[in-house]
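Before any comments, here is the structure.
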Amino acid sequence: MKRKGKIILLGLLLLLTAGLIAFKTIGNSDEDQILAYTVDPKTKDLQFYWKNENGETLKSIQNLKNYVDQKNLILTFAMNGGMFNNDFSPKGLFIQNKKIMVALDTANGNGNFYLKPNGVFYITTDNIPIVCKATDFVDNGKIKFATQSGPMLIIDGQIHSAFKAGSTNLNIRNGVGILPNNKVVFAMSKTAINFYDFAKFFKNLGCKNALFLDGFVSRTYLPEKKWMQTDGNFGVIMGVIEKKIR
């Protein structure tokens, strides 16, 4: 009986070990495929950029790094924002420091931007982050930054109905969502991914609303995770800055 008990105990331990390994593998699968960064706009300086004071489009993360460095600031995170036109102007709404630079686009058209509902990611003057459908957006004069893109990834806690599990429409993708604790989570796939799986990442985090930002042009600068893409050729860039310690 003692030998039988030892065999049963050994079997249980093996099952438990296998379960822990499986859980660890599943738990790390998103981290292996998707780079994520969480920021609280109430404690960190999250800003949206497009042009410098001379009216020149920044375009790349390296140019943004140089720009903030000249202001005696440190860029700790950066990611390209919403979509842009051929002249690198923002596609749809762009608000910078409470000033509307480009108006909201509610027209119909082709491509990801016009896959309804599209949406807006914005920061209020009280540093509250919000992602909403473009049709729900209202400028009450208290919007500090805003960028429009499309489609929405998560709408009221549900994955966009146009996305299909197992889709072979694969691409590098980046997006933004609002976590249950009202912090912002930015994410970019490290490898090509379909819309459904990318949206599911935000849903699994508990985001009620999340917005697709862009595709193959996407870049992220995140030194704390040793991910430092400083190239790029796009319009809006979102960045977190800190003061240099002297």
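The values are calculated or read from the model by the stated rules, or taken from the named source; none is laboratory data. All figures in this text were calculated on a predicted structure; none of them were measured in a lab. Cβ: placed from backbone, ideal geometry, glycine included. Neighbour counts: every protein chain shown.
Annotations
- So residue 113, is it part of a strand (DSSP E or B) and crowded, with 17+ Cβ neighbours inside 10 Å: no
- Candidate set from the range 173-200 (those that are within 13 Å of the chain's Cα centre (by Cα) and surrounded by fewer than 17 Cβ atoms within 10 Å (Cβ to Cβ)); member that is farthest from residue 123 (Cα to Cα): 190
- Selected residue (criterion: surrounded by the fewest Cβ atoms within 10 Å (Cβ to Cβ)) from residues of the range 59-77 that are outside any helix (DSSP H, G or I) and touching an Asp or Glu at 6+ places or on another chain (Cβ under 9 Å): 74
- Meets criteria (without any contact (Cβ under 8 Å) to a residue 60 or more places away in the chain and closer than 20 Å to residue 41 by Cα) for residue 99: yes
- Scanning the range 78-103 for residues that are assigned to a strand (DSSP E or B) and either surrounded by 17 or more Cβ atoms within 10 Å (Cβ to Cβ) or β-branched (Val, Ile, Thr) (or both) returns 78, 79, 80, 84, 90, 94, 95, 96, 100, 102.
- Condition check for residue 226: surrounded by fewer than 21 Cβ atoms within 10 Å (Cβ to Cβ) and under 17 Å from residue 121 (Cα atoms): no
- The numbered conditions (1) assigned to a helix (DSSP H, G or I); (2) closer than 26 Å to residue 58 by Cβ; (3) not polar (S, T, N, Q) are all true for residue 238 except (1).
- Test: residue 202 is among the aromatic types (Phe, Trp, Tyr), in contact (Cβ under 8 Å) with a residue 12 or more places away in the chain and part of a loop (DSSP other than H, G, I, E, B): no
- Test result for residue 147, modelled with pLDDT of 95 or more and part of a strand (DSSP E or B): yes
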